[in-house]
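Below: the structure, in C-alpha cells.
No value in this document is a laboratory result; all are computed from the given coordinates. On a predicted model such as this, the values are computed, not experimentally measured, just so you know. Virtual Cβ from ideal backbone geometry, glycine too; neighbours counted across all protein chains shown.
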Ligand SMILES: Nc1ncnc2c1ncn2[C@@H]1O[C@H](COP(=O)(O)OP(=O)(O)OP(=O)(O)O)[C@@H](O)[C@H]1O
Ligand SMILES: [Mg+2]
C-alpha cells in the first residue's frame, strides 16, 4: 500500500496533478519553486526537526512542501534497537551458564503509521466534540512520531466558530508534542504576528529551543498562475 495513503495524505497530493503540471506526488523532486527553500527543508527533514511553514497566499505550495517534508523525514528516519549477544560463563557454583549482554545497536525502518497528516479542521473535529476534549483522540494525536497539521489557523467553518476557540486545545497538543520532542510539521496561512496573537506565544520559543523553525515561504504569486 502506498505509504502516503497510510499517512493519511489526501489523494490530490498523492497523485499526479496534470493541470498544475505535477507528474507525481508532492515531493522535493516534483517541486519546481525555489531550490534554496527545498534544500534548506531537506536538511531539516533529515534531522526530523519541527517546522511551521507560513505563507498567506493560497496555492503557494505550502501543502506540497509539508507533504514532501514528511516523506523526506520518513525516508531518513530510523529507530535504534539494542542488540543482545549471549555470553557463556562459569558461575560461582561452577556451572556453565549463559547471560545476555548489550552488543551495540541495530537500525530499523520506522512504520509509516507513525507519521500522520491531518487538516487542522479535521483534527479539531476529532479532538473537540460538543465542546469537550476527547481524551483518547488527544492522546493518539500526541503520540504520533510525526504529526503534520495542514491548513493550521484557518477560520473554522461549520463548527460554530463564534463559540469554538481551537487555541486551548492546539496550545496543549502542540505544547506537549514540543516538550516530548515529537516532530510537528505545520503549514499555515497565518503570519507570525497573527500566530502569536491567537496561540500561546511561548510555543514558538519552545519550538525554536528544541531545534524547530518558523519558515516564511515568501512566495508572492501562485505557482503556474492561470487566473
Ligand atoms: N513550486 C511548485 N512546484 C510544483 N508544484 C507546485 C508548486 N507550488 C505549488 N504547486 C502545486 O500547486 C498546487 C497548489 O499548491 P498547494 O496546495 O501546496 O498550495 P498551498 O500553499 O497549500 O495553498 P492553500 O493556502 O490554498 O492551502 C498543488 O498541487 C502543488 O503541488
Ligand atoms: Mg494547502
ask   = On a 0 to 90 degree scale, rounded to 10, what angle separates helix 62-75 from the longest Cα axis of the chain?
value = 10
query = For the stretch 1-89, what value does the Rg/Rh ratio take when both radii are computed over Cα atoms and Rh is the Kirkwood radius, given to two decimals?
reply = 1.16
message = Please report the spacing between the Cα centers of the stretch 38-56 and the stretch 65-100 in Å, no decimals.
response = 30
key: Mean projected area in nm² (Cα convex hull; one quarter of hull surface) for the chain   = 17.5
ask   = What does the highest-first list of 49-58, 193-202 look like by mean Cβ count within 10 Å?
value = 49-58, 193-202
